[in-house]
Amino acid sequence: MSTDTPPPSTARVAEAALRPLGWGGWLGFALAGTGVVVLAIAVARLLWVGIGVWGNNIPHVWGFDLIAYAWWIGVANAASLFAAVLVLRRHGLRTAVNRFAEAAALAAVLAAALYPILHLGRPWLFYWTLPYPSTWGLWPQFGSTLVWDFWGISAHVLVTSMFWYVGLIPDLATLRDRAARRGRIGLARAYGLPALGWRGSVAHWHRHQAAYRMVAALVLPLLLSAQTVVALEFAVTVVADWHQARLPLHFIATGLPSGLGIVLALAVALRHGLSLREFVDRGDMDLLARLLAAAGIAALLAWMHEAGTALLQEDGTTRDAFLVRLAGPAWWIAVVMSGLLPQLFWWQKLRRDLIFVPIGLLAAAGVWLDRWSLVVDGVSRPRVPFPVTAYAPSGDEWALLLGSASFFAFALLCFGRFLPAVSMFETRHEESEQELEEEER
Amino acid sequence: MSGGATRRDALRVMGASIALSALAGCDEPDEFGHPLHGRGRGVASEDAVFATTLELDGLGRGVLVRTRGGHPIKVEGNPRHPASLGASDVFLESAPLSLHAPERSRQALQHGRPAAPGASRDAFNGLRGEGLRIVTGPLSSPTLRRLVAEALAANPGSTWHVHDPMADPASQAAALAAFGEAVEVLPDLRAARTMLCLGADPLGHGPAQLALARAWQAGRPRLLVAEASPSLTGARADRRLALHPAEFEPLARAIATELGVAGLVAGAAHPAAASLAASLREAGSEALILTGRGQSAAVHAIAHAINAHLGSRALRFVPAPAAGGAEMAPLEEAMRANEVSRLLLLDVNPAHDRAGFAAAMGRVVHSVHIAERVDETGRVASWHLPLNHPLESWGDSRAFDGTPSIRQPVARSPGGEVMGAVEALLALLGWEGTGRDAVRETWRGAWGEGDFESKWEEALEAGVAGESVPAASLALRADWDLPGRPIPPGLAAHFAPDPHLRAGAFAHEAWLQELPRPLTRLSWGNAALVAPETAARLGLAPGDEVELSLGGESLRAPVLPLAGQAVDCVTLPLGFGRRAGGPVGEGRGFHAAALRPADGAWVVPDLTLRPTGRRVALIARESQPGLEPDAAKVIGPGERLPPFAPTPSLHQPWSYPGAAWAMAIDLDACIGCNACAIACQAENNVPVVGPEDMARGRGLHWLRVEKHDRPEDRSVFQPVPCMHCEKAPCEPVCPVNATLHDHEGLNAMVYPRCIGTRTCSNNCPYKVRRFNFEDHRRRVDTPARNPDVALRPRGVMEKCTYCTHRIQAARAEGRLDTVETACARACPTRAILFGDLNEPQSDVARARQDPRSYLMLEQLGTRPRTSYLARVEEGGA
Amino acid sequence: MKRVLGAALYWLLRRPRAAEVVLPPRGAGTIAEFHDADALTEAVRAARAEGWTRFEAYAPHPVPDAAEAMGIHAAPVGWIAAGAGVAAMAGAYGLTMYLSVVDYPVNVGGRPPHAWPVYLPAAYIVGVLVAALAALLSMLWLNGLPRLHHPVFAARGFLRASEDRFFLWISPDDPMHTPEGAQRFLRSQAPLRVSEVPPS
């Protein structure tokens, strides 16, 4: 088959998926796999012993569980939002980063989806939030934000994976055909099944593109609503610091640096780990870094708005509740790490791969601290006198957090290993369009 | 109904006969009590209520015990008994819990090893003879006193010692000096207009607390309190002074000087004396001085003199019902001198309460310890014999005012060698007969043979066996003053009973260990209480460990700075540091009794305190202030609060045409005694979570009693149950309809439906919801649990239900107008009212119309069904 | 390990499908391979002009011009998605309302059973979810997918259709189709290669 060399443009992408794993890849898989085992142990302990293994109490009934949930949703949202906007705007960056932004979004939303079930006191009964005709004759309480959230997270998982999968079908067909040309029939069938028999008919392409853009367009309202529903879980309560109409906007705006930070760090990993420097080139990285900086500004605006409304406009109770949060370090660290730090990327000199990784991850971690500030510091002073014990996360919670991060990494490694990291058909499309332009010129 | 011999009835009759035949198989079918009312005697599966008596510090309090299937499940006050008046306290409420404690003794031990069955006879045989020493607690029981006297008569040269770690020798000495008789002062708080308490704590826990608190609530005298360490009375005072122990005698003398009391040997001056004396003088014969533990004999005597001088009508004198018996110190000396060879210790634990007792007791060849559990004394004794729980055996008692009552068993004895105290003395005497026979014998002697049986039946049913002792009219002796050695200033140790454990007698009660103490908020431990000024001077933070040295002894203890504590006075709560007696009490806190001198003094000067630099994790459930300022409202006398104005809503309100259950809590009546909290725990099978989870903030108490700080280091106590909001914020956030409203406005919690999202707790502005972080069911599932209340599995929310099972039972029995929650039933001052808001004449409906009525966090529009009545204070908010 | 897994997967998948068995014994049409999208687009226009009706064009990436030339409209995907979304939204709201107002009304937080504002978010989310599902499913349905096997896969070099080659295939079902006629037409479009698709 060596006579049948494909053009170099997308071959490397496909090659990255088909070539044997190097030692770095094995190390990555080993680390992430260990983390997944830790996750499994933490989950097993949680199911066996109960929420008691965590550090929660009254009033801190939520801790790492909801922080991580809100945070992962934020990561997923920002990454998805980014990918969807790229598809809709047909931006030049899309070929390079939108596929793995989608993948990151999907992995993050899967990591997030762990928590709503695991955080329950009786997780095996999670399906009671579904409207199914039970023997009790009782239905879910449809006014509950948690029921909204059940739909929100289900829809989020489904639509994100659909978005990702619809885009992946033609590329799966490419992988199928490449494997078949090498005579690896088993692999070809493994790729062929999810490729659904895609044969590249022009008519199919036409409807495929329509559906792809349709789903991308639907991702946007869904993302806003998913993040909004998470925010509403807090905003509909009477907790003084949570009961604010601005919370959904705050979640969306401050969620941006986390997703973009993760995507930026992943892009560096792709460039070096999968040798895809041509597809994710300097221009893409520059653009992404500036986007992160812009997201930092959006988050800063959200925090300024938060402080402004709490301190100047809201009633005394809200102000006092917010002052309690300001007394904890989490809020300030979040502002610095996710808001101020990315502003460095306005400087050309600082837009380097080595700097992207730490700042991208710190920006993401900062958003985690913002969620901590809300979930933990936000309830540490109830409206009435109460013997509040400070929330101290237990080892199990750390294990679950690191485990879910490992799960995220593991999912992405699998993605990078077995699937094209860059959208091949869009690259081809783009190249043909470029050729056309050149010819016209 | 006439032809209604249904299948159920047939089964019931069958069950009854089976139960009766089972009972008939026992030795003493008649031993098993006399129910006040119930479906029928011997029908084990049915409800029954017994009137009986439980003791605190040797003094009886009448109770009604509800049993189910032969098991006591709830203790409530007996309205006909003067020491209860229908109310209960933490000790009464927790009585059924220890019935099923796994560490209870079931067999005789000889030198720590199980003795052969029937060998306990040897233990008693060895006691008989010359030089027998009998040690009991304070005894008011006529039968026990009679049998002890018989035993003393039967064994020449024998002595009866009374071990009472709660005794106040100075008070007894002062009574002898002032009146020549061992009498006790019974204050009449209904008649008093102004009361000055010098270290006295009439509203605090004790055998007369329920009666005194009820009378205080009825009379509401002006309370002036001077005390070294905060107490419940001080918390409620109209004026409170924190005084170092050395200052009390000068203050008392100065007041006496101001009032011109005759017979005063030495005068003194004190800055607070003039105004206090003026208040007393103004009230005249309606004034009263009350003195408490920790005061010197001189202070007690001066108080007697002032009361006599003012001609106070707000008190009477009664002979102490439990007086008598020799002191413990001579016994200890005799044991050390190897002069004691026969020693019987009946339901006492001096090895814990007295520092050197265990070592001395080790020299006694034949010592027999009879108690419910192998405690410190039981470990040293050569014999340990198991004792019945008070609810399992016959006996009798006298209340603080001398009112006698019979104690009848309400639960079956474990059998075997487990015996009651009366039976133990019978065995010592070698007499035949049962405990019941002995008690009947006593009262046959008192009542005569004539209509004994009817009197006996009446006494069992009423729970009261006669009248209180008539007041003695006593004249003050001229040489009443006892100018002794005054307490010097400087760091002083002030021993105090723990509010829940007393001197340690209740250390095995997990409910009492866990519930935060009213003032220190400590749970599962004690701490040396110091004034904030003292702590600041020594650079001590809560939990810092110090070494306390007193008279050559020393121990390590964590400190807790407590507002209202007198400067340089270190309060050492007793009852902790148990080394035996069961896993609940062992190893909790520090053993303050180890420092206490042999004479049982409550205040000892010349304490030294040295920080060790180490820290101890205290479990102090201290509340931080809420975001909203006025959870507990305080108003001036005569002030009115604005009426409740409902907040507007988009939605139509739900109507409640039937009953609308509601609760009203009077903050002005609440004394913070915690009885409601324990009553709730007992009624609703609320689990104990243990010290680790308490420290993590996972306590499950459905009803918490908040303490709000007031000027002069006083406090407002606020019981906080579920508010049962009509627009409950917890409900709309539940995804599975596990919490919703019933048709009478109860905020119901459906445990089997709950999946544990905990979001309802987040959305409860009153923070009354509790979560089962672990599975506690096994610990609660004893026969003492209330079968009407479900046990909650792990992962499920729970909270106050307004005792909905009681409402249902009342509805089934057609007595809805008298339904009461467990907390309302327990409250000694009737601060908690429960009833139907739709019934205009109900207590709650009227309380809602009170100008002091308000709703907590009313501005949130939750429309709570639980309302509060504001506290009234001189000077107002 | 990998080999074992691959073998297991192969064993699972190797049995022929029913669809693969009942193929017509005759040839499976004629196919032409083109180098670029423009050539394909031209060929499609020509085929339409000559009156061919049953043919398909294949490309490794979307070629909107070719689709236009074939007279394909993607609009149904959007309409189906929008219709399904709106219907799902209404259905979700209606179901919620029925269940909480008629079927089992309860007093939750003192709100009336039909507390309409709180029923909106879930209905909205369900609508979006169903719209996205409908977009995907209608696309597949209109495309006749999934169809794991198609005669054209047997064409020579067709595997590069997903990589860098463009194909025009004339179905044997076309009324005008004869192997010779189709070959003649396709060769006239300057392809890289024209071949008969072998029956498989």
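Please treat every number below as a calculation from the coordinates, not as lab data. Worth saying up front: this structure is predicted, and the values here are computed from it rather than measured. All Cβ positions, even for glycine, are placed from backbone atoms using ideal geometry, and neighbour counts span all protein chains on display.
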- Note on the structure: Taking R0 as 51 Å and r as the Cβ-Cβ distance between C:W116 and A:K349, the FRET efficiency 1/(1 + (r/R0)^6), rounded to the nearest 0.05, comes to 0.35
- Against the longest principal axis of chain A, how steep is helix A:202-235, in degrees 0 to 90 to the nearest 10, with axes from Cα atoms? 10
- Message: Student exercise: in chain B, how many lysine pairs 8 or more apart or on different chains have Cα atoms under 24 Å apart?
- Response: 9
- A:M304-C:R187 pseudo-label distance in nm [points 7 Å out on the Cα-to-Cβ vector]: 7.4
- Task: Project the alpha carbons of segment B:659-872 onto their principal axes and report the range along each, largest first, in whole Å.
- Result: 46, 44, 36
- For the protein assembly as shown, what does -39500 (n - 2.57) per DSSP helix run (n ≥ 4), summed and divided by total residues, give at 222 nm, in deg cm²/dmol to the nearest 500? -13000 deg cm²/dmol
- Note on the structure: Two pseudo-spin positions, 7 Å from Cα along C-beta at A:A392 and at B:E586, lie apart in nanometres by 2.6
- Note on the structure: Averaged over residues of B:699-712, the number of beta carbons from other chains lying within 10 Å of each residue's Cβ is 1
- Item | Crossing angle, helix C:120-143 versus chain C [Cα axis fit, 0-90 degrees, rounded to tens] | 20
- Note on the structure: Expected integer from the mean partner chain Cβ neighbour count at 10 Å over B:625-635 is 5
- Note on the structure: Residue by residue through segment B:195-204, the couplings from Karplus 6.51 cos²θ - 1.76 cosθ + 1.60 with θ = phi - 60°, in Hz, x for Gly and Pro, are 10, 10, 9, 9, x, 7, 10, x, 8, x
- Task: Sort out for me the Cα centre separation of segment B:546-574 from segment C:52-89, rounded to whole Å.
- Result: 86
- Item | Overall dimensions of the protein assembly as shown by Cα: Rg and Dmax, Å | 41.7, 144
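Equivalent-ellipsoid semi-axes (√(5λ), Cα gyration tensor) for segment A:213-268, whole Å, largest first? It would help to have the intermediate numbers written out before the result.
Details: eigenvalues 129, 54, 9 Å².
Here the semi-axes work out to 25, 16, 7 Å.
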- Cα centroid of segment A:187-241 to Cα centroid of segment B:451-507, whole Å: 79
- Task: With no solvent and one equal point scatterer placed on each C-alpha of chain B, evaluate the Debye formula and give log10 I(q)/I(0) for q = 0.05, 0.11 Å⁻¹, two decimals.
- Result: -0.28, -1.44
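If you take the square roots of the eigenvalues of the alpha-carbon gyration tensor of segment C:75-143 and sort them as a ≥ b ≥ c, do you get rounded (a/c under 1.5), prolate (a/b over b/c) or oblate? Could the numbers behind the result be given before it?
Working: a/c = 4.21, a/b = 3.36, b/c = 1.25.
Verdict is prolate for segment C:75-143.
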- Any idea what angle helix C:75-97 forms with the longest principal axis of chain C, computed on alpha-carbon atoms, 0 to 90 degrees, nearest 10? 20
- segment A:295-326 scanned against label point 7 Å out from B:A645 along Cα→C-beta; backbone N under 20 Å for A:315-317
- Query: Where does each of B:741-750, B:54-63 land if you order them by average Cβ count within 10 Å, highest first?
  - Reply: B:54-63, B:741-750
- Task: Starting from the Cα of A:L220, step 7 Å along the direction of its Cβ; do the same at B:E339; then give the gap between the two resulting points in nm.
- Result: 10.2
- Task: Kindly put C:R193, B:R578 in sequence by how many other C-beta atoms sit within 10 Å of each C-beta, fewest to most.
- Result: C:R193, B:R578
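What order do you get for B:L196, B:L152 when you list them from fewest to most C-beta neighbours inside 10 Å? Could you put the intermediate results ahead of the total?
Details: B:L196 30, B:L152 15.
Sorted ascending by nearby Cβ count, the order is B:L152, B:L196.
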- Put in order of increasing Cβ neighbours within 10 Å, starting from the fewest, B:E327, B:E423, A:E102, B:E874 give B:E874, B:E327, B:E423, A:E102
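Over segment B:90-214, what is the mean sequence separation of C-alpha contacts under 8 Å (at least six apart), divided by residue count, expressed as relative contact order in percent? Please report the intermediate quantities before stating the final value.
Working: 73 pairs, mean separation 18.4, N = 125.
Taking the mean separation of contacting Cα pairs over the length of segment B:90-214, I get 15 percent.
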- Task: Take the Cβ-Cβ distance between B:A812 and B:F452 as r, set R0 to 41 Å, and report the resulting FRET efficiency rounded to the nearest 0.05.
- Result: 0.60
- Evaluate E = 1/(1 + (r/R0)^6) for A:L130 and B:W431, where r is the Cβ-Cβ distance and R0 equals 56 Å; express this FRET efficiency to the nearest 0.05. 0.15
- Heads up, segment B:169-319 by the C-alpha gyration tensor (a ≥ b ≥ c square roots of eigenvalues; a/c under 1.5 rounded, else a/b over b/c prolate, else oblate) looks rounded
